[in-house]
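What follows is one structure encoded as structure tokens, with my remarks underneath.
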Amino acid sequence: MPGELTFRRIDASDAEAFQRCAAIAFHTPCDSPQLERFRHLAEWDRTLAAFDGDELVGSSAAYSHKLSVPGGELPSAGITWIAVLPTHRRRGILTRMLDEQIAAARARGEPLAALWASEGAIYGRFGFGPAASRARFTVATGAGAPPREAHAGARPLRIRFHELAGARPLLGPLFERVRAQRPGMPTRTDDWWDRRVLTDAAAERDGATDKRLVVVHGDDGAADGYAIYRERGEEPAVTLELLELIAPADDAAAALWRFLCSVDLVARLDAPNRPLDDPLPLLFADLRRARVSELGDSLWVRLLDVRAALEGRAWAADARLTLALRDDRIAQNAGSWSVEIAGGAARVRPAPPGSAPDLSTDVRWLGAAYLGGTPLTRLVAGGLVEEHTSGAAERLDVALHVPRAPWAPEVF
Ligand SMILES: CC(C)(COP(=O)(O)OP(=O)(O)OC[C@H]1O[C@@H](n2cnc3c(N)ncnc32)[C@H](O)[C@@H]1OP(=O)(O)O)[C@@H](O)C(=O)NCCC(=O)NCCS
């Protein structure tokens, strides 16, 4: 009946209606390559829609990711394609779809959910916290010396162009090595590589060149890193737009930056999504050459099972405390938890009745701190975590510490 909302899983036969809804909500053409691609990447048993009569008016989907966390990886629901038609907004459709996606992910035993938010005010109420950040670096490449040889005396490295086609076996292992170094990175399936990273539809170039792939090789010929970029504009105002730079070895990353910053006839390098601790500015004699022109949240993390999430990551120092957690949507998370961290591992149990908490907060802020990118002391300063025992936040921060900042390499 028109006006009556129903919710159900959909399948490939509903793909067109799903695309229409998402396209209208995101202001893109219905036949955009991104939407076309979703038909192939969708896990239809995780794709849930809202209907008003026969009309699909709300869309939501999840990918079965494994997310890199300190010391390893954990199953994580990669929430995506959340959209509600403007004719049906603010009637609780997002709320119903997300609650169902969260319940389904919990039923699958996923301790985490993660997403990229189109706006900062949407997902906190659902228990998601901003857990990783991105820096946009802008470099005036034509205006001075390129980055210095950062690793003097190191092995010689060679950079070569490669075709996109067939590059997956070369790039995949490098990506995995960086995932082992940095929290916040979801797994990529073969399809994801082929249909997203290594595809290059003309309709997605928006006036820029096709994708260029360069690979850095060591003396032994093995690949040590790669960068994918495009160029935009006309000489002498060409901008080199970095799409991805992945290099598990620091000298290989520096060699790629040196290359990217010294291509002839290029005036500017634009690297819109880099980790906050990227060494790029340090490679220049004048570190202001690489300017952070934008800073923002990237991955939002939701702890679906607090105990499994905390016990599923590695810890940097011992600590012992009682944590009082609020969670309006997942009753099993709410309450007082006794957290004992020793030898790099956490043991999390319900706290004995009457235990006084050292820290209390909402689950979203534990999600924000979980990957080690958002210090609890900052959340205390912002009034988002209450510290009942002096020094408790600092102690837990030392245990949460990660050597490399969390980073999510791409929007999903
Ligand atoms: C964002 C969007 C999915 C919200 O869907 P919706 O069905 O209108 O959301 P709901 O009715 O379930 O809203 C639940 C609550 O969140 C709030 N909320 C929803 N969207 C919000 C926004 N963009 N900013 C701030 N608050 C928002 C609502 O006001 C409501 O609060 P209340 O319970 O206090 O009244 C929808 O507006 C949309 O499709 N936007 C364009 C596409 C988009 O940005 N998608 C998200 C991709 S990450």
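The values are calculated or read from the model by the stated rules, or taken from the named source; none is laboratory data. Note that the structure is predicted; figures quoted are calculated from it, not measured. Glycine also receives a Cβ, built like all others from the backbone with ideal geometry; neighbour counts cover every protein chain displayed.
Could you list, in sequence order, all residues of the range 378-388 that are on the phi < 0 side of the Ramachandran plot, surrounded by fewer than 16 Cβ atoms within 10 Å (Cβ to Cβ) and not acidic (Asp, Glu)?
Correct list: Arg378, Ala381, Gly382, His388.
Matching residues to (1) basic (Lys, Arg); (2) buried (at least 16 other Cβ atoms within 10 Å of the Cβ):
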site	(1), (2)
Leu299	no, yes
Asp318	no, no
Gln332	no, no
Arg347	yes, no
Pro353	no, no
Tyr370	no, yes
Thr374	no, yes
Ser390	no, no
Ala405	no, yes
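Can you name the residue in the range 124-154 that is of a type in the set (D, E, K, R) and within 16 Å of the ligand (Cβ to nearest atom) and is also nearest to Gly218 (Cα to Cα) among such residues?
Ranking the candidates gives Arg134 first.
Whether any residue in the range 380-387 is within 27 Å of Val178 (Cα to Cα) and assigned to a helix (DSSP H, G or I) is what I want to check.
No, because not a single residue in the range 380-387 is within 27 Å of Val178 (Cα to Cα) and assigned to a helix (DSSP H, G or I).
Can you tell which of Glu235, Glu241 is modelled with pLDDT of 95 or more and either assigned to a helix (DSSP H, G or I) or out of contact with any Ser or Thr (no Cβ under 8 Å at 6 or more places or on another chain) (or both)?
From the options Glu235, Glu241, the qualifying one is Glu241.
Somewhere in the range 102-123, is a residue near the ligand (Cβ under 6 Å from one of its atoms) and assigned to a helix (DSSP H, G or I)?
no
Does Gly343 satisfy the condition of being more than 15 Å from Gly367 (Cβ to Cβ) and surrounded by 14 or more Cβ atoms within 10 Å (Cβ to Cβ)?
No: the conditions fail for Gly343.
List every residue pair whose Cβ atoms lie under 7 Å apart, where the two residues are 6 or more positions apart in sequence or sit on different chains, the first residue falls within the range 95-123 and is aromatic (Phe, Trp, Tyr), and the second residue, located anywhere, is near the ligand (Cβ under 9 Å from one of its atoms) and assigned to a loop (DSSP other than H, G, I, E, B).
Tyr123/Ala117
Which of the residues that make up the range 20-33 are within 14 Å of the ligand (Cβ to nearest atom) and outside any loop (DSSP other than H, G, I, E, B)?
Arg20, Cys21, Ala22, Ala23, Ile24, Ala25, Phe26
For Pro86, indicate whether it is within 13 Å of the ligand (Cβ to nearest atom) and over 13 Å from the mean Cα position of the chain (by Cα).
It is true that Pro86 is within 13 Å of the ligand (Cβ to nearest atom) and over 13 Å from the mean Cα position of the chain (by Cα).
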